[in-house]
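The values are calculated or read from the model by the stated rules, or taken from the named source; none is laboratory data. What you are looking at is a predicted structure, and each value in this text was computed from that prediction instead of being measured. Using ideal geometry, Cβ is built from the backbone for each residue, glycine included, and neighbour counts are taken over all protein chains shown.
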Amino acid sequence: MLGHDNTDSERKKECTKEVLINVYHTAEQLQKIHDTFWKDRQIIISSGWRSVRNNQKCGGALNSRHLYGQAIDFNLGLSTINKDYETMKENWKGFVLHEGTWIHADIRQYSKN
């Protein structure tokens, strides 16, 4: 989360191999969408994996996907956020939420039905 760092001890204790694999898969999916739809634009990531302490500090849900490396919050500029959200809804394999100035995307099991 911008403005809040995970400490070294938190990273060593909470950021397991499984979490790192999830972070990789989340980033890989976002990169594919970026390369297809937003090639000439910069993604501004405000939050990815969070420690339990960081998640509490930012008011995250108790079972936030950020704790497991399965979520990312970002934007590509505020003037296009509604269009960017629609692109994500149509192409992201998982859950997508537009919240104010950012888009939340996670890789939890999600059905669009």
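Tabulated results
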item: Strands (runs of 3 or more DSSP E) contained in the range 1-112 and holding at least 3 residues at pLDDT 95 or above; result: 71-75, 95-99, 102-106
item: Residue satisfying condition, being surrounded by 17 or more Cβ atoms within 10 Å (Cβ to Cβ) and in contact with a Ser or Thr (Cβ under 6 Å, 6 or more places away or on another chain), within set Ile33, Ile107, Ile103; result: Ile107
item: Residues being closer than 19 Å to Phe95 by Cα, touching a His at 6+ places or on another chain (Cβ under 8 Å) and among the hydrophobic types (A, V, I, L, M, F, W, C) - total across the range 23-63; result: 2
item: Leading residue by the ranking (nearest to Ile21 (Cα to Cα)) among those in the range 42-72 that are out of contact with any helix residue (DSSP H, G or I) (no Cβ under 8 Å at 6 or more places or on another chain) and surrounded by 12 or more Cβ atoms within 10 Å (Cβ to Cβ); result: Arg65
item: Failed criterion for Thr36 (all others in (1) closer than 30 Å to Lys12 by Cβ; (2) among the β-branched types (Val, Ile, Thr); (3) more than 14 Å from the chain's Cα centre (by Cα) hold); result: (1)
item: Within the range 73-100, considering residues that are touching a strand residue (DSSP E or B) at 6+ places or on another chain (Cβ under 9 Å) and β-branched (Val, Ile, Thr), the one surrounded by the fewest Cβ atoms within 10 Å (Cβ to Cβ); result: Ile81
